[in-house]
Amino acid sequence: MAVETKEFRAEARFQRVSPQKARLVLNLVKGKGVQQALETLAFTKKRIAPVIHKVLTSALDNAKYLSDERGLDLDVDNLIVKTAVANDGPRMKRIRPAPMGRAFRYQRRLTHIVVSVAERAGSEQLVTRVDDALKAARKSPAKKAANKATSKATKITRKTKSAA
């Protein structure tokens, strides 16, 4: 039985930061719940953190909007950051003055940031597990009493057989 999970994404393109620096922050939030990821980004002291916070908020808003638009049953509290990727963008070639009238070339790197959120896998199973646990807890005292009675009876019969 295949369950299709909806994935909602947002992008920030042509950000003036190197992909390596953006990946440092993205790895902090990858796989976490959306609320925990937003809190982590709010207190991260990297320059790209507010941009990633904005992208994650946009992905969350996209999830809310599209779930209302398509009539999906989406639990916002159950969303996680499924993927967070920093891809290379185009590079800007620049020249730095060097001694004796020379010039050194360097490249300013740009980044495309893509963040997608999805519902936690097996979210329906978590609810059924709680219900099953409650049903088992209700039935278990009677079963325990029955098991104790049968175990006592078997112990008594074993003792009488061994004594005879």
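Shown here for region 1-100: GluC sites (Glu not before Pro) in loop regions (DSSP other than H, G, I, E, B) with at most 14 other Cβ atoms within 10 Å, namely GLU4. Amide H contacts for LEU110 (H built 1.01 Å from N in the peptide plane; partners 5 or more residues away or on another chain; cut-off under 5 Å): GLY89, MET92. The simple Förster model, with R0 at 30 Å and r as the Cβ-Cβ distance, assigns ASN27 and MET100 a FRET efficiency of 0.10. Heavy atoms of the protein chains alone define the surface here; on that basis region 24-113 has 67 Å² accessible area per residue at 1.4 Å probe size.
Note on MET92 and GLU69: with the Förster distance fixed at 30 Å, the Cβ-Cβ geometry gives a FRET efficiency of about 0.20. Maximal additional length on extending the LYS45-ASN62 stretch stands at 3.5 nm, based on 0.36 nm per residue less the C-alpha distance.
The values are calculated or read from the model by the stated rules, or taken from the named source; none is laboratory data. Quick caveat: nothing in here was measured; it's all calculated off a predicted structure. Every residue, glycine as well, gets a Cβ built from its backbone with ideal geometry; the counts of neighbours run over all protein chains shown. Ligands, DNA and RNA are stripped out before the accessible areas are found, and what is left, the full protein with its side chains, is counted by its heavy atoms. Shrake-Rupley method; radii C 1.70, N 1.55, O 1.52, S 1.80 Å.
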